[in-house]
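Everything below concerns the one structure shown next.
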Amino acid sequence: MKLSELIHGPSIIADLQATDRNGVIRELTESLAEHGAIQQEHVETVVRATIAREKSGSTGFGKGVAVPHVKHACVEKMVATIGRSSHGVDFAALDRSPVYTVVMLLSPQDAQDDHLAAMEKVFRCLQRETYRRFLRQSETREAIVDLISEVDDAPSS
Amino acid sequence: MSDAETTYVREVEIPNKAGLHARPVMQFVDLASRFKSQVVVINVTRAGGERVDGKSAMQMMLLEATKGCTLRIATDGPDAQAAADALAELVCHGFGVHPESASE
């Protein structure tokens with residue numbers, strides 16, 4: 001699986017407007033719907049389920065990165081998007097640091113193994129300081145899309 | 001490194017349906033971080049399974065440990081045995097099995 005196939009380019013947000021966790025989850029979900037990655041009628045369900053998941057345990061993995069996610073029956077095909085916050089968002093992260101890069105991942109209900117494979121792919125990228133820094137500095141959607149292609153083309157670590 | 005330091009290795013199978021997903025990883029890292037010992041984890045079920053730092057949530061997600069995979073937990077340091085036992089137990093018991101962990 002390529003990162004560029006998992007991450008839905010058109011719905012990436014380079015400058016998140018929301019300043020809190022729930023707002024960021026809503027903004028990214030609405031962007032996914034607006035750009036046709038999920039159905040409009042599922043926005044509320046996805047937002048609610050993702051926030052509920054977050055409340056059961058933060059997905060703020062530390063180092064400015066959060067990966068809010070949910071497995072839900074209304075999701076037909078696994079899809080992810082990225083939001084970049086210039087001001088930093090409180091995700092109650094493991095290391096208490098504000099989050100600048102949010103990767104939101106939606107998986108179908110029973111896609112346990114695919115979900116783990118997607119997470120592996122995402123963290124293969126995010127564990128690298130260079131990529132985290134580039135993501136944090138990317139001011140446009142295009143720059144983030146380019147970075148993802150670059151990650152796909154780079155030799156795996 | 002004092003002479004008292006010893007390495008302990010435990011192998012455990014992932015019992016829960018959802019595998020080693022985010023919440024179990026957070027639990028694992030939280031527990032691992034309470035020990036002084038170094039914690040290294042390998043998913044021996046995957047070919048060429050890499051060694052990751054058991055105190056790093058991001059690295060732990062690289063294990064891609066689905067249900068049935070075997071994790072090798074190696075600890076090294078003054079409290080190595082206690083760390084290995086506690087972490088192995090956490091995995092064996094399916095991370096306390098969250099009621100919603102199957103649907104998450």
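Just to confirm a number: summing +1 for Lys and Arg and -1 for Asp and Glu over residues other than B:LEU63 whose beta-carbon lies under 14 angstrom from that of B:LEU63, what do you get? Spell out each step's value before the answer.
On the way: positive: A:LYS121, A:ARG124, B:ARG46, B:ARG51, B:LYS55, B:LYS67, B:ARG72; negative: A:ASP113, A:GLU120, B:GLU11, B:GLU13, B:GLU50, B:ASP53, B:GLU64.
With Lys, Arg at +1 and Asp, Glu at -1, the net is 0.
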Chain B: calculated mean residue ellipticity at 222 nm from DSSP helix runs of at least 4, using -39500 (n - 2.57): -7500 deg cm²/dmol
Residue with peak Gaussian network fluctuation, chain B [Cα springs, cutoff 10 Å], from B:ALA47, B:ALA18, B:ALA65: B:ALA47
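Counting only other residues whose beta carbon sits under 9 Å from that of B:ALA88, what net charge do I get with K and R as +1, D and E as -1? Kindly include the intermediate steps, with their values, before the conclusion.
Numbers: positive: B:ARG10; negative: B:GLU11, B:ASP85, B:GLU89.
Residues close to B:ALA88 contribute a combined charge of -2.
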Distance histogram for the range A:1-110 (every C-alpha pair counted, 10 angstrom bins, percent rounded to whole numbers): 16, 52, 30, 2
Within straight-line cross-link reach of B:LYS36, lysines at Cα separation under 19 Å, skipping those fewer than 8 residues along the same chain: B:LYS55
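Using Cα pairs under 8 angstrom and six or more residues apart, how large is the relative contact order of chain A, in percent? Kindly include the intermediate steps, with their values, before the conclusion.
Values: 275 pairs, mean separation 43.3, N = 157.
With pairs under 8 Å counted, the relative contact order is 28 percent.
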Crossing angle, helix B:22-32 versus chain B [Cα axis fit, 0-90 degrees, rounded to tens]: 20
Alpha-carbon centroid distance for the pair the range A:52-113 / the range B:20-94, whole angstrom: 21
Set of lysines with alpha-carbon distance to A:LYS2 below 17 Å, sequence-local pairs under 8 removed: A:LYS77, A:LYS121
Percent of beta bridges antiparallel (DSSP, the protein assembly as shown, rounded to nearest 5): 75
With at most 13 neighbouring Cβ atoms within 10 Å, loop trypsin sites (Lys or Arg not before Pro) (DSSP) excluded, longest segment of chain A: A:3-76
For q = 0.15, 0.16, 0.19 Å⁻¹, Debye-computed log10 I/I(0) when each Cα of the range B:35-102 counts as one equal scatterer: -0.50, -0.56, -0.78
Computed over chain B: relative contact order in percent, which uses C-alpha pairs under 8 Å that are six or more apart: 42
Choice from A:GLU34, A:GLU129, A:GLU139 with maximal GNM fluctuation in chain A (Cα, 10 Å cutoff): A:GLU129
C-alpha long axis of helix B:80-92 to longest principal axis of chain B, angle in °: 10
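To make sure I understand, if each residue's beta carbon is the centre and we count other beta carbons within 10 Å, what order do A:VAL46, B:VAL9, B:VAL41 fall in, fewest to most?
Numbers: A:VAL46 24, B:VAL9 14, B:VAL41 28.
The fewest-first ordering by Cβ neighbours comes to B:VAL9, A:VAL46, B:VAL41.
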Highest-MSF residue in chain A out of A:VAL67, A:VAL89, A:VAL145 [GNM, Cα springs under 10 Å]: A:VAL145
Neighbour-count ranking [beta-carbon atoms within 10 angstrom, fewest first] of A:TYR100, A:TYR131: A:TYR131, A:TYR100
Other protein chain Cβ atoms within 10 Å, averaged over every residue that makes up B:54-64: 6
Other-chain or far-sequence residues with amide H under 5 Å of A:PHE91's (modelled H): A:VAL99
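Each reported figure results from applying straightforward, stated rules to the coordinates on display, with no laboratory input. Just so it is clear, the structure is predicted and the values come from calculations on it, not from any experiment. Ideal geometry is used to build each Cβ from the backbone, glycine not excepted, and the neighbour counts take in all protein chains shown.
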